[in-house]
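The values are calculated or read from the model by the stated rules, or taken from the named source; none is laboratory data. It should be emphasised that the depicted structure is a prediction, and the values quoted were computed from it without experimental measurement. Backbone-built Cβ (ideal geometry, glycine too); neighbour counts: all protein chains shown.
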Amino acid sequence: MVGALVGKISRWALDFALPPRCAGCGTIVADVHSFCPDCWKGVEFLGDSGCSTCGIPLQATEQATCGACLARAPRIARTRAAVAYGDLARGLAIRLKYGRKVAIARTMARYMAPLVRSDDEPILVPVPLHRSRLWQRGFNQSALVARELARTTGLRADPYLLKRVKRTPALKGMSLRQRRKLVAGAFKVKPEADLQGRTIVLVDDVLTTGSTANACARVLQQAGAGRVELVSWARVIKPMQLS
Ligand SMILES: [Zn+2]
Ligand SMILES: [Zn+2]
């Protein structure tokens, strides 16, 4: 008990002694888990803007929901990302992925938390890695973010609810069709999970086409889940979509 107390005090002393640094460039800032004014200017915060369903920036002719979502409701009922994928967003994602930086996960969670709706007490579920990749890297970066997001929102995170049973190659440069084919059958829900009617919020670091998240949503719904949403740190947005 004394040991735990000493640990707490020394952690507090460390927090106190080290001034908070910008998550982008490392200069000293006033507030923990934030950005300096220069980095702040370089980040495009997406927040709750865009299509009410898929979150893609809306065209001038569209109102709350984009034409594509109106024509065919996507499997994921609501997709949100904190920032648009750019230099700074990528830098943070890479440092998290290869450095197990809890402080980075905390910074991401800080900007993702306002995008999580907690009215129906969703379970936060990170997009899983295949065990071979988990073994190489030692941790799942999305699980780190989900844990910090759970701390911030008070919601429950379950990093073991979904399992990646098929190792998929990097999807970069592949067409949507190829991606869908590769991730089909890649995920499984743990057999003892009781998801009947539950809302699930998938947590990911970087969202590109959404085919991976879609495959996750599919098995969750097959296992009885109700609504599935997705909150990610960054989202790749094509320049043509930013008008
Ligand atoms: Zn900075
Ligand atoms: Zn949409």
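For this structure, a couple of remarks:
- Options 72, 78; residue that is under 18 Å from residue 214 (Cβ atoms), out of contact with any Gly (no Cβ under 9 Å at 6 or more places or on another chain) and within 12 Å of ligand 2 (Cβ to nearest atom): 72
- Applying the criterion of being out of contact with any strand residue (DSSP E or B) (no Cβ under 6 Å at 6 or more places or on another chain) and either near ligand 2 (Cβ under 10 Å from one of its atoms) or not acidic (Asp, Glu) (or both) to the residues of the stretch 37-50, the residue that is nearest to residue 114 (Cα to Cα) is 47.
Per-residue answers, yes or no, for (1) part of a loop (DSSP other than H, G, I, E, B); (2) at pLDDT below 95:
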| residue | (1), (2) |
| --- | --- |
| 174 | yes, yes |
| 177 | no, yes |
| 185 | yes, yes |
| 194 | yes, yes |
| 204 | no, no |
| 216 | no, no |
| 221 | no, no |
| 225 | yes, no |
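- Condition check for residue 88: touching a helix residue (DSSP H, G or I) at 6+ places or on another chain (Cβ under 8 Å) and at pLDDT 90 or above: yes
- Tabulated pairs, the stretch 7-31, first surrounded by 10 or more Cβ atoms within 10 Å (Cβ to Cβ), second at pLDDT 55 or above and basic (Lys, Arg), C-beta under 8 angstrom, 6+ apart or interchain: 27/21; 28/21; 29/21
- Within the stretch 88-156, helices (runs of 4 or more DSSP H) holding 3 or more residues that are within 13 Å of the chain's Cα centre (by Cα) and within 14 Å of residue 232 (Cβ to Cβ): 102-112, 141-153
- Test for residue 53: is it within 16 Å of ligand 2 (Cβ to nearest atom), touching a helix residue (DSSP H, G or I) at 6+ places or on another chain (Cβ under 7 Å) and free of Cβ contacts under 8 Å to residues at least 60 places away in the same chain: yes
- On inspection, residue 95 passes the criterion of being free of Cβ contacts under 8 Å to residues at least 24 places away in the same chain, surrounded by fewer than 20 Cβ atoms within 10 Å (Cβ to Cβ) and more than 23 Å from residue 199 (Cα to Cα).
- Among the residues making up the stretch 157-172, those that are of a type in the set (A, V, I, L, M) and either modelled with pLDDT of 90 or more or not in a loop (DSSP other than H, G, I, E, B) (or both) are 157, 161, 162, 165.
- Inspection of the stretch 193-204 finds no residue satisfying the criterion of being hydroxyl-bearing (Ser, Thr, Tyr) and surrounded by fewer than 18 Cβ atoms within 10 Å (Cβ to Cβ).
- Residue in the stretch 62-71 that is within 16 Å of residue 108 (Cβ to Cβ) and modelled with pLDDT under 90 present: no
- Of all residues in the stretch 205-243 being closer than 20 Å to residue 167 by Cβ and of a type in the set (D, E, K, R), the one that is surrounded by the most Cβ atoms within 10 Å (Cβ to Cβ): 205
- Just so you know, in the stretch 56-68 the residues that are under 18 Å from residue 231 (Cα atoms) and out of contact with any Ser or Thr (no Cβ under 6 Å at 6 or more places or on another chain) include one that is farthest from ligand 2 (Cβ to nearest atom), and it is 57.
- In this structure, residue 75 does not qualify as surrounded by fewer than 21 Cβ atoms within 10 Å (Cβ to Cβ) and in a helix (DSSP H, G or I).
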